[in-house]
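Below is one structure; the comments refer to it alone.
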Amino acid sequence: MILFAMLANGENQNKDHTDNNRMEKIRAGDKKAFEDLFFEYHEQLSRFANSITKSREFARDAVQDVFLKIWRNRKKIDIRISIKVYLYQSVRNQSLNLLDRQKNQLKLRERYTTELRIVGGSEDYQSSLKLSEEEKELVRKIWIVVSQMPERRRLVFELHRKHGFSYKEIAKILDITRKTVENHMAQALQHIRANVRVN
């Protein structure tokens, strides 16, 4: 379905080379390179952390903790995957750690109450797609259905459609097999088709 393609971030460009150069500079103590990396990923990582913690405060702390650890351990840090995957993986783990420490029993499957805007709430991106009002409403309904999915299925779908990760990268971030990712995506799409009426 063409509409599903529209849900993708649309900016899934390969930045590995730039990020690797930044990491080399960060290892050498380059604060400007560190700041560039932070501002490049801060917003999207915060949204991702918020989808796990359901708390802006926890999300903020999780992201800041990850970047703080990177800076403190910059001389010995060894990243063998893409920087983006590493950051998402680290933020996921830190978000879960914060929930554990706070004994917060929030469940990942809780519905979003503020995530009903298209593609992560970006009005500029929504406008760039030039969707009709009917299409916008359909996309909104799709994300409502997604927000009600079981926790792991929802995260897999969001990482693929909102954040542009490949199945292989999602498997690394969530510490599951690629086959499991494929199964979750198939179930998610099937669930959407069964619950969203397309005129």
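Here are the numbers:
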quantity	calculated
Elements of type helices (runs of 4 or more DSSP H) in region 28-105, at least 3 residues being acidic (Asp, Glu) and without any contact (Cβ under 8 Å) to a residue 40 or more places away in the chain	31-53, 56-72
Within region 153-170, tally of residues that are touching a Lys or Arg at 6+ places or on another chain (Cβ under 7 Å) and closer than 16 Å to Leu87 by Cα	1
Test for Phe48: is it farther than 19 Å from Glu169 by Cα and surrounded by 18 or more Cβ atoms within 10 Å (Cβ to Cβ)	no
Filter result for the condition that a residue is of a type in the set (A, V, I, L, M, F, W, C) and either at pLDDT below 60 or in contact with a strand residue (DSSP E or B) (Cβ under 6 Å, 6 or more places away or on another chain) (or both), over Leu116, Leu131, Leu138, Leu99	Leu116
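The values are calculated or read from the model by the stated rules, or taken from the named source; none is laboratory data. All figures in this text were calculated on a predicted structure; none of them were measured in a lab. In this analysis, Cβ positions are derived from the backbone assuming ideal geometry, glycine residues included, and neighbour counts consider all displayed protein chains.
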